[in-house]
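Right, one structure below, let's go through it.
The values are calculated or read from the model by the stated rules, or taken from the named source; none is laboratory data. As the structure is a prediction and not an experimental result, all values here were calculated from the model. Cβ placement follows ideal geometry from the backbone for every residue including glycine, while neighbour counts extend to all protein chains displayed. All accessible areas refer to the heavy atoms of the entire protein, side chains included, with ligands and DNA or RNA removed. Shrake-Rupley method; radii C 1.70, N 1.55, O 1.52, S 1.80 Å.
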Amino acid sequence: MKITFCCTGTKPEPWLAGLRTALPGAEVTVWESGAPAADHAVVWAPPQQFFDEQAGIRGVFNIGAGVDALLKLQMPANATVVRLDDAGMSAQMAEYVCHAVIRHFREFDGYDADIKAGKWSYRKPRERAEFPVGVMGLGVLGARVAQSLTQFDFPVVGWSRSPKELPGVRCFAGATQFNDFLSATRILVNLLPLTPETRDIMRLETLSRLQSGGYVINVARGAHLVDDDLLALLASDHLAGAMLDVFRTEPLPAEHPFWQEPKISITPHTSARTLRDESIAQIAGKIRALDAGQTIVGIVDPVRGY
Ligand code: NAP
Ligand code: GLV
C-alpha cells in the first residue's frame, strides 16, 4: 500500500515515522510532483496539482476537522474524503470555550485591569441564568462544548441542521428555528463548518437578535463572521465583547481594526490543535478499516460541504 503525505506548513518527518510505525508494510513518502500513484493521501491544504496528478487516489485524509479549504479543489470523483473526528480536539475546544465563557461571565478581564492598577475591588456577582450560552453546530466539537458548559450550570441552547437530543441542552434545528435559537442566546459560540449556507452567518441581522449585552466566541472559521458588523454592534453596546480564534485572513493583518478593539480578545487559531499521535492513530485505523471494506465515521459529504 502506498501513502503520500502532502501537508502544507507541516514538518513531514514525525508524521512519516508515525504512519510507518502504525502501518507496517505501507510505503509512506512525501508527495512531490511526478511521484508514482498512491492509494491514500494524508493532506492539509494541498495544491490543485496534487489531485491533478493523483487522480486514482482512494482515500484522502485531512489532518484537520474543517474541510472548507480542501473542498475548494477539484478532487477525483471516486476519492473518499475523511476529516479528523475529534482526535483530541473536543477536549481542547471545551477548555477554550469554557475558559472564554467563564472569563467573560466572571469579569476576569476587569479584575486583571483593577489589579494592574493596584486596586483591590469587588464586582457584584452576576446571575448565571442571565447568561444563556448558545452553541451553533452540535457535531463532534459543538456537542462536547455544549455538554461541558452544562457542568457549570449555565443555561445552554444549541442549534444544528438536523434535530438533536443532548442532556441539559435545549436544542433547536434548521433555518426555521434559527431566530428562536438566537433570541434564547446571550453568549454565542460558533462551531459550524464553513459552507455556502453558513458563510457570513454572524452578521448585523443575526447578531442583533442576540440578547442585549451579548458576547461572541468564534472558534470555527473567520468567514462565518462579518467583521464590520461585529465592530458596529460592539460600538453600539448591543454586544459586550468577543473572543476570536479564527479570521478571514490569517495571520490577522497588522492593520486590522480587531487588534485595536479592547472588547475583542484574539488568539491565533489555536483553540483546538491537531494532535499528531492521536491523528496518526485515527488515520491508520481508518485506512485499515477502509481497506478491509468496513465502514468508518468522518466521511465528508462534498455536496453538504462538511
Ligand atoms: P461536525 O462534527 O461536522 O459538526 C458540524 C455541526 O454543524 C453539525 O451539528 C451540523 O449539523 C451543523 N451544521 C452544519 N451546517 C449547518 C447548517 N447549515 N445549519 C445548522 N447547523 C449546521 O464538525 P466538528 O468536528 O464539530 O467541527 C466544526 C468546525 O470547527 C470545523 O468545520 C472547523 O471549521 C472548526 N474547527 C476549528 C478549529 C480551531 O482550532 N479553531 C479546530 C477544529 C475545528 P448536523 O449535526 O445536523 O449535521
Ligand atoms: C482546524 O481549524 C481544523 O479544522 O481542524
Exercise. Quickly estimate the mean residue ellipticity at 222 nm for the chain, helices only: each DSSP H run with n ≥ 4 gives -39500 (n - 2.57), and the total goes over all residues, rounded to 500.
Key: -8500 deg cm²/dmol
Exercise. Restricting to segment 106-238, compute how many DSSP beta bridges are antiparallel as a %, nearest 5.
Key: 5
Exercise. Calculate how steeply helix 89-105 sits against the longest principal axis of the alpha-carbon atoms of the chain, using the helix alpha-carbon long axis, and give the answer as 0 to 90 degrees to the nearest 10.
Key: 10
Self-check item: Considering only the chain, percent of DSSP beta bridges that pair antiparallel, nearest 5
Solution: 5
Practice problem: Taking the chain as the reference, fit the longest principal axis to its C-alpha atoms, fit the long axis of helix 276-291 to the helix C-alpha atoms, and give the angle between the two in degrees, 0 to 90, nearest 10. | Solution: 50
Practice problem: In whole angstrom, note down how far apart the Cα centers of segment 199-237 and segment 82-133 are. | Solution: 18
Quiz item: All other residues with a Cβ under 15 Å from the Cβ of LEU233 taken together, and with Lys, Arg as +1 and Asp, Glu as -1, what is their net charge?
Solution: -3
Quiz item: In segment 89-266, how many lysine pairs have Cα atoms under 23 Å apart, counting only pairs 8 or more places apart or on different chains?
Solution: 4
Practice problem: Give, as a single signed number, the net charge of other residues whose beta carbon lies under 15 Å from the beta carbon of ARG203, with Lys and Arg counted +1 and Asp and Glu -1. | Solution: -2
Self-check item: Cα long-axis angle, helix 12-22 against the chain (0 to 90 degrees, to the nearest 10)
Solution: 70
Quiz item: Going toward the positive end of the dipole of the chain, with +1 on Lys and Arg Cβ and -1 on Asp and Glu Cβ, which of ALA143, TRP44, LEU194 do you reach last?
Solution: ALA143
Quiz item: Among ASP114, ASP180, ASP237, which one moves the most in a GNM of the chain with springs linking Cα atoms closer than 10 Å?
Solution: ASP114
Quiz item: With every protein chain left in place, what is the accessible area per residue of the chain in square angstrom, probe 1.4 Å?
Solution: 49
Practice problem: Compute the Cα gyration tensor for segment 89-266, then decide on rounded, prolate or oblate, letting a ≥ b ≥ c be the square roots of its eigenvalues: rounded whenever a/c is under 1.5, prolate when a/b is larger than b/c in the other cases, and oblate in all that remain. | Solution: oblate
Self-check item: Carbon plus sulfur fraction of accessible area for the chain, probe 1.4 Å, in percent
Solution: 53
Quiz item: What is the magnitude of the charge dipole of the chain about its Cα centre, with +1 placed on the Cβ of each Lys and Arg, -1 on the Cβ of each Asp and Glu, and no other charges, expressed in debye to the nearest 20?
Solution: 560
Quiz prompt | In sequence order, calculated HN-Hα J values of segment 224-240 (Karplus, 6.51, -1.76, 1.60; Hz; x Gly/Pro) | solution = 6, 10, 8, 4, 5, 5, 4, 4, 5, 6, 6, 5, 7, 6, 5, 9, 8
